[in-house]
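This report concerns only the one structure given below.
The values are calculated or read from the model by the stated rules, or taken from the named source; none is laboratory data. Just so it is clear, the structure is predicted and the values come from calculations on it, not from any experiment. Ideal geometry is used to build each Cβ from the backbone, glycine not excepted, and the neighbour counts take in all protein chains shown.
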């Protein structure tokens, strides 16, 4: 049977698990985003008519088409926790293959390579590639090292909105980011002593121990999840 579970072991003996998403939900999400982009382009085309040759069919409109086509998915994936509006409605998200949040670089690579996935006929290459590997990665995902996973309701921490985010004091590896995010999301399932024990392991990052270290890790985790 097809097992869509994807597991990653990160430092500290913590196992992260997610479910990769197949072509059908991704196609629906893409269709929703395509419709949204189409509506935006239609509205902008009407607004640009009064500008004559500089507007409709001119430089301004062509620049806008480029921005909406290429930056629309990148900006949402980077600043909206890996979710365009279509992905959010379908409860799916883009992450790095170690389950850390996507970065500007990885998002740009996966989206620029949509041109290759499009060939030879309306994403045929991307569809074939997705169906040929267990992680359902299209060519852009393989090049960028990204996955599309489902976002179950149970994985959304209820306390995130109550935490004041804090940027990490030092640059962190993706594995370290994943560890902190997982700690924040699961901290309410751990006993106080266990939380402090894990926080003490990461003292080199937070420069705090005990309850202060726990609080600092939760705030950094909220920052990585995009809480502002």
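Among the residues of region 199-214, write down those that are more than 18 Å from residue 169 (Cβ to Cβ) and surrounded by 14 or more Cβ atoms within 10 Å (Cβ to Cβ).
Scanning region 199-214 gives no hits.
Residues 30, 42, 61: which one is buried (at least 17 other Cβ atoms within 10 Å of the Cβ) and at pLDDT 80 or above?
30
Could you check region 165-228 for helices (runs of 4 or more DSSP H) lying wholly inside it with 2 or more residues that are within 18 Å of residue 82 (Cα to Cα)?
Because the criterion is at least 2 residues that are within 18 Å of residue 82 (Cα to Cα), the helices (runs of 4 or more DSSP H) in region 165-228 that meet it are 174-186, 210-224.
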